[in-house]
């Protein structure tokens, strides 16, 4: 029932990824609106006119993004007024908003700016609290062949579009289209198993809910983790999803790190904070990614003491006291080095849990015995230490991502007292 | 002239970002094909039929992605055959490919798999070397009202789609549509200036080339850097672009880190390797991101010795010998701490260039004197040391990204002997 039309040359010449597509469709899905089509077209008057004309024939709601600014590329307002045969009328409310906007920034609006104060006759104005171009809503009456359509024009920049959508458009649509069954979704996030292993483990358990309660199940593969996405748009969606989550938990418990859309690093920092357990990491092959992910979490500094990227052997010796004998006889990529790094790190920092990585990220550096992708993840706490061997034969960035995910998975197991092996 | 139709429920319900859009449009642009529309629709037979019917009326080339697999969601093949009134015919070549594909994996194809061996009468088959579903090309003859159209159906998974596109589709299109003026593009990447400052610095210098030689100029804003995108589709594109790059260089030289699509971390590692200069970093507020970016570059281990994420004050003292007096009187976020970190790091690691970050990433921790976003970037070499103060008042992840970019910019200046201030 909803169609989205994104305008912008950059969407058709490879210059930009259209992140509006996912952001907007996710918002509609959450509020129970089905998006039936998304179209991207160039900043070209005829293309805009054609796409809007087709869309308003089919859809109950047509959303356009972009083309509302003051430059000559911006022609959505004008083309749509022309298409609908409506005059462009000066709106004094927008004019004062524009004047205020520039006054606050000690600037005077240029005459060209004031084109944004022109709106098609009869349009509802959505004030733009984060920029200049207002959003516009036009109700197009039904005809014999076509339904009544709301045509909603929104600005392109995310910092203007996103708040206008959540604060003004969604409430307006909810008022106009009451009584929808909102789709609810729940993600159960797992790490340590591949996509097909996750699907197999869940097996037929969810079949009755799928058949009898319209449960939707999808598997979303990410580097190092697999999300089970559960959806329902029934009136009793919450109950259906609760049952589904419980069934997934019963088959996959050891691999689940969240059923609340948290990243694994957020869960790690939260669990560590709850128990006042301090953390430190020493990285070789992950090169700082593990530390970077932990410090992406606000409040990490409460429990995360320090991360060392000991890339060279000298750094492993200087900061972590790894013995030169181990480095010479076992090699930098070895179970023994991973464990000595962890013990040295715990001693140097006083952290309660120390986790380390050493491996061969590639593309160079592999051997028959230790091919590219070989990793040892070491750990030490006051009561135990060890190292896990993994093989992650991917490109360099995926290798780092997957390895950091495994290290976080290990850290989480140590935090909640599960066996790390 | 090219239209792209992406099929998949996940593209319309927020479950997936449509990365095909940018990847495909970039490939077409590079080879001189203009994409005029991209559409995403659900896995729904009627929607697919309607979108393809509309598109082949307008476009010279219509590309579909997805819906060619063996499951019941996959209905592109069947719907398109129906729309064009063509029979589905068994293709023995595909059958042997499928059998071989499964035999290699010690599996037997299920009967359902063999649906992929059915092709609309008269279609050209594009073998899938990385999966099971072949691509299909159908030539639709011109009518009185519509041009001749090539309808090209491609599989959805990137590992199948991407090689099929570059190895088979692009060569086929180049053969069918010879004599196009290929668009060439060049990026000049700058750091240290905002988008409008970059635009202003270039000023009118490029106007003659824009007017007389059809040069295209766009500014692409990223966290911490701005790319100037220069394009030309003229026969003498290379000469036009060379002149444009030279003009941009003459106005912005101090801020340019690459005109060859390199990331700044790649330039840093390359320059350091060329001069055998070793590097080390110590991070507080960037939390490991700086180290992570440097180690994303293959071969970084040749020159990058070590990175320390000294998040706690104790770690700054233990590993970097920052004095407790400095931490107490000046604070962890101060010019003095940034400089002591850099000197301590150089001494501990023996690196030729040491760079450090300390700041307030937020959301918490700001004060009137040092608001959220305050950063000091310290540096030390054998001949000089200092610290730059920056204000990066963004969300936590953007803050880290922008700060790491500034630190890499500083590192590059030290590497090429420019004044860091």
Query raised in the report: Under a plain spin-label model, where a point goes 7 Å from the Cα along Cα-to-Cβ, how far apart in nm are residue B:23 and residue A:108?
Result: 5.2 nm
**Report entry** Length added when fully stretched, residue B:46-residue B:127, from 0.36 nm per residue minus Cα-Cα
**Finding:** 26.4 nm
Requested in this report: On a C-alpha basis, how far is the centre of the stretch A:317-358 from the centre of the stretch B:11-39 in Å? Whole number, if you could?
Outcome: 47 Å
Requested in this report: Order these peptides, B:234-241, B:303-310, by their mean beta-carbon neighbour count within 10 angstrom, highest first.
Outcome: B:303-310, B:234-241
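Quick check: convex hull of the Cα atoms in the stretch B:10-71, volume per residue, rounded to a whole Å³?
Working: hull volume 6.3 nm³, N = 62.
Here the figure is 101 Å³ per residue.
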Query raised in the report: Using alpha carbon centroids, what distance separates the stretch B:376-421 and the stretch A:99-169, in Å?
Result: 40 Å
Report summary line: Percent relative contact order for chain A, counting Cα pairs under 8 Å at least six residues apart, stands at 10 percent
Query raised in the report: Relative contact order for the stretch A:309-421 using alpha-carbon pairs under 8 Å, separation at least 6, rounded to a whole percent?
Result: 20 percent
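Can you give the % of DSSP beta bridges in chain B that are antiparallel, to the nearest 5? Working shown, then result.
On the way: 40 of 66 bridges.
Of those bridges, close to 60 percent are antiparallel.
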Requested in this report: Note the angle between two axes, namely the Cα long axis of helix B:19-30 and the longest principal axis of the Cα atoms of chain B, as a number of degrees from 0 to 90, rounded to the nearest 10.
Outcome: 80 degrees
Report summary line: Mean separation of Cα contacts under 8 Å (at least 6 apart) over the residue count of the stretch B:10-103, i.e. the relative contact order in percent, is 19 percent
Query raised in the report: Cα extents of the stretch B:78-179 along the three principal axes, largest first, in whole Å?
Result: 51, 31, 20
Query raised in the report: So, in Å, what gap is there between the alpha-carbon centers of the stretch A:248-274 and the stretch A:192-214?
Result: 19 Å
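Can you compute the FRET efficiency between residue A:314 and residue A:212 using 1/(1 + (r/R0)^6), with r the Cβ-Cβ distance and R0 = 60 Å? Round to the nearest 0.05. Write down the numbers at each step before the final one.
Numbers: r = 64 Å, r/R0 = 1.06.
Calculated value: 0.40.
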Query raised in the report: How big is Rg to Rh over the stretch B:290-421, alpha-carbon atoms, Rh as the Kirkwood inverse-mean-distance radius?
Result: 0.95
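Which three numbers, in whole Å and largest first, are the semi-axes of the equivalent ellipsoid of chain B derived from its Cα gyration tensor as √(5λ)? Display every interim value, and only then the final one.
Numbers: eigenvalues 546, 146, 74 Å².
Result for chain B: semi-axes of 52, 27, 19 Å.
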Requested in this report: Rounded to the nearest 10 degrees, what's the angle between the helix A:335-349 long axis and the longest principal axis of chain A, both from Cα atoms, 0 to 90?
Outcome: 80 degrees
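Take the alpha carbon gyration tensor of the stretch A:173-241, find the square roots of its eigenvalues, order them as a ≥ b ≥ c, and report rounded if a/c is under 1.5; if not, report prolate when a/b exceeds b/c, else oblate. Write out the running numbers ahead of the final one.
On the way: a/c = 3.76, a/b = 1.79, b/c = 2.10.
In terms of gyration-tensor shape, oblate.
Can you give the alpha-carbon Rg of the stretch B:260-316 over 2.2 N^0.38 Å, where N counts its residues?
Details: Rg = 12.2 Å, N = 57, 2.2 N^0.38 = 10.2 Å.
Expressed relative to 2.2 N^0.38 Å, the Cα Rg reads 1.19.
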Query raised in the report: Taking N as the number of residues in the protein assembly as shown, what value does Rg over Cα atoms divided by 2.2 N^0.38 Å take?
Result: 1.01
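Which whole number gives the average count of other chain Cβ atoms within 10 Å of the Cβ atoms across peptide A:373-385? Provide the component values of the computation, followed by the final result.
Working: counts 0, 0, 0, 0, 0, 0, 0, 0, 0, 0, 0, 0, 0.
If you average over the peptide's residues, the count of other-chain Cβ atoms is 0.
Can you give the mean number of other chain Cβ atoms that lie within 10 Å of the Cβ atoms in peptide B:21-29?
On the way: counts 10, 10, 2, 2, 10, 5, 1, 3, 4.
Per residue, the average neighbour count from other chains is 5.
So for the protein assembly as shown: antiparallel DSSP bridges make up what percent, rounded to the nearest 5?
65 percent
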Query raised in the report: Could you give P(r) for the stretch B:7-134, binned at 10 Å from zero, as whole percent values over all Cα-Cα pairs?
Result: 11, 37, 36, 15, 1
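Need one number: % antiparallel among DSSP beta bridges in the stretch A:21-168, to the nearest 5.
Numbers: 11 of 16 bridges.
The antiparallel proportion sits near 70 percent.
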Query raised in the report: In degrees, nearest 10, range 0 to 90: what is the angle between the Cα axis of helix B:237-252 and the longest Cα principal axis of chain B?
Result: 20 degrees
Report task. Using only alpha carbon positions, build the gyration tensor of the stretch A:144-193, then give the equivalent ellipsoid semi-axes as the square roots of 5 times its eigenvalues, largest first, whole angstrom. Result -> 30, 20, 12
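Could the peptides B:193-203, A:289-299 be put in order, highest first, of the mean number of other beta-carbon atoms found within 10 Å of their residues?
Numbers: B:193-203: 14.6, A:289-299: 24.8.
Packing proxy ranking, top to bottom: A:289-299, B:193-203.
Would you kindly state how much longer the chain becomes between residue A:96 and residue A:201 on full extension, computed as 0.36 nm times their sequence separation minus their alpha carbon distance, in nm to one decimal? Spell out each step's value before the answer.
Numbers: separation 105, 0.36 × 105 = 37.80 nm, distance 6.11 nm.
Result: 31.7 nm gained on full extension.
How many Cβ atoms of partner chains, on average, are near each residue of A:34-45 if near means within 10 Å of its Cβ? Display every interim value, and only then the final one.
Details: counts 3, 8, 6, 8, 9, 8, 10, 5, 4, 0, 1, 0.
Per-residue shielding by partner chains comes out at 5.
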**Report entry** Rg [Å, one decimal], Dmax [Å, integer] - the stretch A:98-247, C-alpha atoms
**Finding:** 23.0, 66
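Each reported figure results from applying straightforward, stated rules to the coordinates on display, with no laboratory input. Please read all numbers here as calculations on a predicted model, not as lab measurements. All Cβ positions, glycine included, derive from the backbone under ideal geometry; neighbour counts span all protein chains shown.
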